[in-house]
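Asks: Once you've had a glance at the structure underneath, I'll fire off some questions.
The values are calculated or read from the model by the stated rules, or taken from the named source; none is laboratory data. Nothing here was measured: the structure is a model prediction, and the numbers come from that model. When we count neighbours, we look across all protein chains shown, and the Cβ atoms used for this are built from the backbone with ideal geometry, even at glycine.
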Amino acid sequence: MRILLGDNEIREGVRRLGREIQAFYGHRPLTIVGVMTGSVMFLADLLRELTMPLRVGVIQARSYRNSKAGKLVMNAEFMPQIAGRDVLLVDDIFDTGQTLFELTEQIDCLRPKSIRMAVLLTKEGRQKVGRNPDHFGFEIPDQFVVGYGLDYRDAYRHLPYIAILEEPDRIAAERMAEEAERGAVAAV
């Protein structure tokens, strides 16, 4: 693994994003919806940077399975009421943009006053939708990254930094995932 963004860089980027979002909304109430599970570390740190009245919830959306893009699966059970409210959708990374684009379309059907997107990372040249995030922390090269909430087969989310996942790390994560699956089957 090669570290791309250290914990101090991330912390400073989140502070900068917090100031930017605070300046945009001022002291208007804001409903923040974090996209689980990848955004959890970013969401928690971003919330600490904001001073306006907040409502916070999460939505579970997954478009990746074993590092390949697929059909969006969504669970909005823990999303707060958003009709007539300013909504900020928070996610870890804007890769192709498909996940956030589909989520904003679905959330828009719930009639929020406004909906904007904030992401920690956006990848150079990967966007496949006509909308970019309204707020982003860092633009990164088109490489697979892990850490600070980002995972590969549920590994590496806990890292306090963001790193480029190289082939030996992928192989190790594959082995861990296979062992975990075998252990789960044996336990049944």
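Asks: In the range 155-171, what count of residues is obtained for those that are without any contact (Cβ under 8 Å) to a residue 40 or more places away in the chain, outside any loop (DSSP other than H, G, I, E, B) and either of a type in the set (S, T, N, Q) or in contact with a strand residue (DSSP E or B) (Cβ under 8 Å, 6 or more places away or on another chain) (or both)?
Replies: Of the residues in that region, 2 qualify.
Asks: OK, next. With the requirement that a residue be part of a helix (DSSP H, G or I) and surrounded by 15 or more Cβ atoms within 10 Å (Cβ to Cβ), what does the range 1-23 give you? Spell out how you get there, then give the answer.
Replies: Step one: of the range 1-23, the residues part of a helix (DSSP H, G or I) are 7-23.
Listed by number, the residues that qualify are Glu9, Ile10, Gly13, Val14, Arg15, Leu17, Gly18, Glu20, Ile21, Gln22.
Asks: Answer yes if at least one residue in the range 65-73 is in contact (Cβ under 8 Å) with a residue 24 or more places away in the chain, under 19 Å from Lys128 (Cα atoms) and in a loop (DSSP other than H, G, I, E, B), and no otherwise.
Replies: First, pick out the residues of the range 65-73 that are in contact (Cβ under 8 Å) with a residue 24 or more places away in the chain: 66-67, 69, 72.
With under 19 Å from Lys128 (Cα atoms) added as a condition, the list becomes 67, 69, 72.
Adding the requirement that they be in a loop (DSSP other than H, G, I, E, B) leaves 67.
Checked against the condition, which is being in contact (Cβ under 8 Å) with a residue 24 or more places away in the chain, under 19 Å from Lys128 (Cα atoms) and in a loop (DSSP other than H, G, I, E, B), the range 65-73 yields at least one hit.
Asks: Would you be able to say whether some residue in the range 90-111 is in contact (Cβ under 8 Å) with a residue 24 or more places away in the chain, in contact with an Asp or Glu (Cβ under 9 Å, 6 or more places away or on another chain) and β-branched (Val, Ile, Thr)? Working first, answer last.
Replies: First, the residues of the range 90-111 that are in contact (Cβ under 8 Å) with a residue 24 or more places away in the chain: 90-104, 106-107, 110-111.
Next, only the ones that are in contact with an Asp or Glu (Cβ under 9 Å, 6 or more places away or on another chain) stay: 95, 99-100, 103.
Add one more test, that the residue is β-branched (Val, Ile, Thr), and what stays is 99.
Checked the range 90-111: at least one residue is in contact (Cβ under 8 Å) with a residue 24 or more places away in the chain, in contact with an Asp or Glu (Cβ under 9 Å, 6 or more places away or on another chain) and β-branched (Val, Ile, Thr).
Asks: How many residues, within the range 120-154, are of a type in the set (Lys, Arg), without any contact (Cβ under 8 Å) to a residue 40 or more places away in the chain and either buried (at least 21 other Cβ atoms within 10 Å of the Cβ) or more than 24 Å from Phe24 (Cα to Cα) (or both)?
Replies: First pass over the range 120-154, keeping only residues of a type in the set (Lys, Arg): 123, 126, 128, 131, 153.
Those still in the list that are without any contact (Cβ under 8 Å) to a residue 40 or more places away in the chain too: 123, 126, 128, 131.
With either buried (at least 21 other Cβ atoms within 10 Å of the Cβ) or more than 24 Å from Phe24 (Cα to Cα) (or both) added as a condition, the list becomes 126, 128.
Going through the range 120-154 one residue at a time, the tally reaches 2.
Asks: Another question, then. Condition first: on the phi > 0 side of the Ramachandran plot, modelled with pLDDT of 95 or more and assigned to a loop (DSSP other than H, G, I, E, B). Now tell me which residues in the range 133-154 satisfy that. Break it down stepwise before answering.
Replies: Just the residues of the range 133-154 that are on the phi > 0 side of the Ramachandran plot, to begin with: 147-149, 153-154.
If we keep only those that are modelled with pLDDT of 95 or more too, we end up with 147-149.
Listed by number, the residues that qualify are Tyr148, Gly149.
Asks: Which one of these does Thr31 not meet: (1) on the phi > 0 side of the Ramachandran plot; (2) touching a Leu at 6+ places or on another chain (Cβ under 9 Å)?
Replies: Here Thr31 clears every test but (1).
Asks: Please specify each residue of the range 75-99 satisfying the condition of being within 11 Å of Arg131 (Cβ to Cβ) and modelled with pLDDT of 90 or more.
Replies: Here is the first cut: in the range 75-99, the ones within 11 Å of Arg131 (Cβ to Cβ) are 94, 97-98.
Passing the criteria: only Phe94.
Asks: Being surrounded by 21 or more Cβ atoms within 10 Å (Cβ to Cβ), more than 17 Å from Tyr25 (Cβ to Cβ) and of a type in the set (Phe, Trp, Tyr), is that true of even one residue in the range 74-93?
Replies: No; the residues of the range 74-93 include none that is surrounded by 21 or more Cβ atoms within 10 Å (Cβ to Cβ), more than 17 Å from Tyr25 (Cβ to Cβ) and of a type in the set (Phe, Trp, Tyr).
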